[in-house]
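The values are calculated or read from the model by the stated rules, or taken from the named source; none is laboratory data. Everything numeric here is computed off the predicted structure, so don't read it as measured data. So basically every Cβ, Gly included, is an ideal-geometry build from the backbone, and we count neighbours across all protein chains shown.
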Amino acid sequence: MNDIEYLQKAIDQARKIVYFTGAGVSTESGIKDFRSKDGIYNLYRKYGVSYEEILSHDFFFDHTDIFYEFYKESMVNRQAKPNPAHYYFASRKDKDVTIITQNIDDLFFKAGNKKVLELHGSIMRNHCTKCNKFFSIDYIMSYPGNIPLCDNKNCHGIIKPDVVLYGEQLDYDTLKKSILALEQSDLLVVGGTSLKVYPAASLIDYFHGKEIIVINNEELDYIQYDQEIKITYIKGKIGEIFSKLK
Ligand code: NAD
């Protein structure tokens, strides 16, 4: 049985599935990840700070202009379209699938998935830091200045994207739902993530099902699991892999 047949069989036979994903599922849609050799990482040289720093809570408030310059250039790509790694489970209406994603790009929702837990928030949601008014991504991107400000009279607060920056807590409700889904599932598919961002990466420890299938274009053999769970690695481009499934 080849990798594709193996994955197909595991999905077909599973009762409840969690698809735990990261930036690697969106690289085939034209959005750079962080840690691949072609990832965003190289762009940080331009700003002379690490990406953990530029994408941190403190940096946002101390250097909002630089944050937004980087964010708009590197983190937001409104032309990006979902690829088969986003579409596949939306088409499997016969399966109970929860998608847990570290991505902020909205592509799982764009692909028509309903049960999507966005651990790190979304570029689509933005709020004024003073009056909490909601703003769309279009407002952020078409704002005439670099730092988008609230349009409420007498407010003019800085608008902040609802994305979880380094130094910020993950949303409690999203975490709770993610843990529940992992505890109840029998198959965990981990796709396109380096599993290096915490606490998100540690969530997979809540999985007590039968099997984990890891799909990545690079070796990820450092995943440690102290439980008796079968781990299968499939190496390759995740969009291409899902495009071959029925
Ligand atoms: P990461 O950059 O640390 O790791 C991406 C992983 O995906 C790497 O292991 C890489 O080898 C693999 N990969 C890349 N392209 C692939 C492909 N086509 N097929 C299979 N595997 C592929 O990403 P991460 O683990 O998600 O952590 C980075 C953090 O940055 C996350 O918290 C996320 O919020 C954020 N981020 C999000 C986006 C996005 O929303 N699209 C983009 C960049 C970073």
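So here's what we get for this one:
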item	result
Ile231 being outside any loop (DSSP other than H, G, I, E, B), out of contact with any Ser or Thr (no Cβ under 7 Å at 6 or more places or on another chain), over 19 Å from Ala85 (Cα atoms) and at pLDDT below 95	yes
Residue in segment 162-184 that is surrounded by 13 or more Cβ atoms within 10 Å (Cβ to Cβ), more than 21 Å from Val18 (Cα to Cα) and touching a Cys at 6+ places or on another chain (Cβ under 6 Å) present	no
Residues of segment 90-126 satisfying the condition of being in contact with a His (Cβ under 8 Å, 6 or more places away or on another chain), part of a loop (DSSP other than H, G, I, E, B), within 13 Å of the ligand (Cβ to nearest atom) and not aliphatic (A, V, I, L, M)	Gln102, Asn103
Single residue of segment 130-158 satisfying the filter (of a type in the set (S, T, N, Q) and on the phi > 0 side of the Ramachandran plot) that is modelled with the highest pLDDT	Asn132
Candidate set: segment 1-28, residues that are within 15 Å of the ligand (Cβ to nearest atom) and in contact with an Asp or Glu (Cβ under 8 Å, 6 or more places away or on another chain); chosen: the one farthest from Ala80 (Cα to Cα)	Gly22
Pick from segment 137-161, criterion among the hydroxyl-bearing types (Ser, Thr, Tyr) and surrounded by 14 or more Cβ atoms within 10 Å (Cβ to Cβ), ranking: farthest from the chain's Cα centre (by Cα)	Tyr143
Residue within segment 209-220 that is surrounded by 15 or more Cβ atoms within 10 Å (Cβ to Cβ), among the acidic types (Asp, Glu) and touching a strand residue (DSSP E or B) at 6+ places or on another chain (Cβ under 7 Å) present	yes
For Lys246: the one exception among (1) within 16 Å of the ligand (Cβ to nearest atom); (2) outside any strand (DSSP E or B); (3) in contact (Cβ under 8 Å) with a residue 40 or more places away in the chain	(1)
